[in-house]
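Down below is the structure, laid out as structure tokens.
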């Protein structure tokens with residue numbers, strides 16, 4: 001696959017150690033850094049010094065934390081391509097992860113697709129796990145599944161529904177609003193077991209909560225962000241119930257067929273399939 005077919009971007013805010021791990025995993029597995037645009041949201045640690053040492057496709061240094069929506073839009077627009085991969089910086093990638101992700105989307109005629117995930121501490125051999133999992137689960141897909149840890153988005157989607165809402169105070173609710181717009185426009189999403197990431201787990205959100213003196217169980221964004229969905233309480237409740245039911249159905253089917261699912265959590269040094 002020609003690298004010009006896609007562009008990658010992530011936002012970062014401090015936590016330079018995780019940004020390094022992410023980019024080092026890209027380098028190890030041949031992800032071309034000149035296809036990566038990094039948007040720094042006002043970091044005060046060594047993030048910018050580190051980014052300046054890399055042959056990136058672009059680097060954007062915001063003077064303050066403008067939030068995910070603004071940063072994702074900046075990155076997507078800075079290096080436009082047929083496919084844009086919006087991702088977190090607290091992940092590890094795997095061999096052929098981009099090629100497998102985009103080729104699966106094209107095979108299934110999808111415009112938005114996410115890779116499979118293991119989330120939590122890296123207390124297992126991800127390389128060995130991924131080599132087995134991507135082969136075993138290559139034909140496992142959750143049509144209708146999605147997550148904002150990583151999204152490959154076709155350029156036609158930007159024209160159909162627009163970009164992410166550029167409102168800093170949303171503080172992480174941008175993905176929910178974007179998925180809502182996809183649903184309204186009947187743009188199908190999916191998760192695929194043909195491509196895998198390890199996700200350490202909301203590192204930036206955790207840091208921002210600590211800055212604000214919030215407990216980890218507290219929500220970071222404005223508590224009434226849900227009103228932007230323009231849905232009744234009953235509609236939101238029913239949608240949540242249906243989503244939970246669908247997740248259980250996917251997981252049970254995948255575990256029955258493969259002994260694992262395409263979304264795992266590491267808890268107490270074991271896998272929990274969800």
Next item on the list: Collect the residues in segment 227-263 that are closer than 30 Å to residue 169 by Cα and in contact with a strand residue (DSSP E or B) (Cβ under 7 Å, 6 or more places away or on another chain), keeping them in residue-number order.
Entry: 263
Margin query: Being within 20 Å of residue 155 (Cβ to Cβ) and surrounded by 15 or more Cβ atoms within 10 Å (Cβ to Cβ) is the requirement here; does residue 6 meet it?
Written below: yes
Notebook entry, point to check: Does any residue of segment 146-156 turn out to be in contact with a helix residue (DSSP H, G or I) (Cβ under 7 Å, 6 or more places away or on another chain) and part of a strand (DSSP E or B)?
Noted result: yes
Margin query: Restricting to segment 22-47, give me the number of residues that are touching a strand residue (DSSP E or B) at 6+ places or on another chain (Cβ under 6 Å) and part of a helix (DSSP H, G or I).
Written below: 4
Notebook entry, point to check: Of all residues in segment 111-144, which are buried (at least 20 other Cβ atoms within 10 Å of the Cβ) and within 16 Å of residue 270 (Cα to Cα)?
Noted result: 117, 118, 119, 130, 133
Item checked: Sole residue being exposed (fewer than 15 other Cβ atoms within 10 Å of the Cβ), without any contact (Cβ under 8 Å) to a residue 60 or more places away in the chain, over 16 Å from the mean Cα position of the chain (by Cα) and closer than 24 Å to residue 115 by Cα, chosen from 24, 46 -> 24
Notebook entry, point to check: buried (at least 21 other Cβ atoms within 10 Å of the Cβ) and closer than 30 Å to residue 268 by Cβ - does that describe any residue in segment 175-182?
Noted result: no
Check: Within segment 256-266, how many residues are over 20 Å from residue 147 (Cα atoms) and in contact (Cβ under 8 Å) with a residue 12 or more places away in the chain?
Finding: 2
Next item on the list: Residue by residue through segment 134-145, note down the ones that are part of a helix (DSSP H, G or I), closer than 14 Å to residue 101 by Cα and either touching a helix residue (DSSP H, G or I) at 6+ places or on another chain (Cβ under 9 Å) or at pLDDT 95 or above (or both).
Entry: 134
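The values are calculated or read from the model by the stated rules, or taken from the named source; none is laboratory data. Not measured: the values here are computed from a predicted model. Cβ atoms come from the backbone with ideal geometry, glycine included; neighbour counts cover every protein chain shown.
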